[in-house]
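The values are calculated or read from the model by the stated rules, or taken from the named source; none is laboratory data. The shown structure was predicted, so the numbers you read here are calculated from the model rather than taken from an experiment. Cβ: placed from backbone, ideal geometry, glycine included. Neighbour counts: every protein chain shown. Keep in mind that these areas ignore ligands, DNA and RNA; they rest on the heavy atoms of the full protein, side chains included. Shrake-Rupley method; radii C 1.70, N 1.55, O 1.52, S 1.80 Å.
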Amino acid sequence: MSLNTMSSLNFTGKYSMNANQTMPSQDACLKRDNLVGFWTTKAKDGEKVYKQLKDFYLNDYNKNPNAKLDIVLELPDAEDKNFEESMKKVGQNFSKLA
């Protein structure tokens with residue numbers, strides 16, 4: 001494999017989080033929700049995550065607003081730093097899987 005071929009590979013970072021984590025204020029919750037939506041649009045698996053979010057808020061959330069919503073986002077490596085900084089800024093916990 002040549003070096004040029006290797007540089008064209010698209011690596012992604014995988015992040016897991018509870019997208020319905022309890023936040024310290026309504027403002028923090030709204031900021032987190034906006035960021036999760038933004039990062040979902042950038043995710044490799046964004047359509048799947050969007051469906052998961054929509055299904056949760058139409059069903060489980062109505063039964064229990066404190067229910068856990070585990071999602072996994074696959075983001076381009078170039079976005080790792082921005083994703084991590086934005087989540088830390090609003091207080092959202094996450095784990096980097098890969």
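Miscellaneous remarks
- Annotation: of all residues in region 36-66 being closer than 17 Å to Ala78 by Cα and touching a helix residue (DSSP H, G or I) at 6+ places or on another chain (Cβ under 7 Å), the one that is most open to solvent (accessible area, probe 1.4 Å) is Lys42.
- Matching residues, region 58-98, being under 18 Å from Ala28 (Cβ atoms), assigned to a helix (DSSP H, G or I) and not charged (D, E, K, R): Tyr61, Phe83, Ser86, Met87, Val90
- Only one of the listed residues (Lys14, Lys31) is basic (Lys, Arg), more than 16 Å from Ile71 (Cβ to Cβ), modelled with pLDDT of 90 or more and open to solvent by 40 Å² or more (accessible area, probe 1.4 Å). That residue is Lys31.
- Lys51 vs. criteria part of a helix (DSSP H, G or I) and either out of contact with any Asp or Glu (no Cβ under 9 Å at 6 or more places or on another chain) or without any contact (Cβ under 8 Å) to a residue 60 or more places away in the chain (or both): yes
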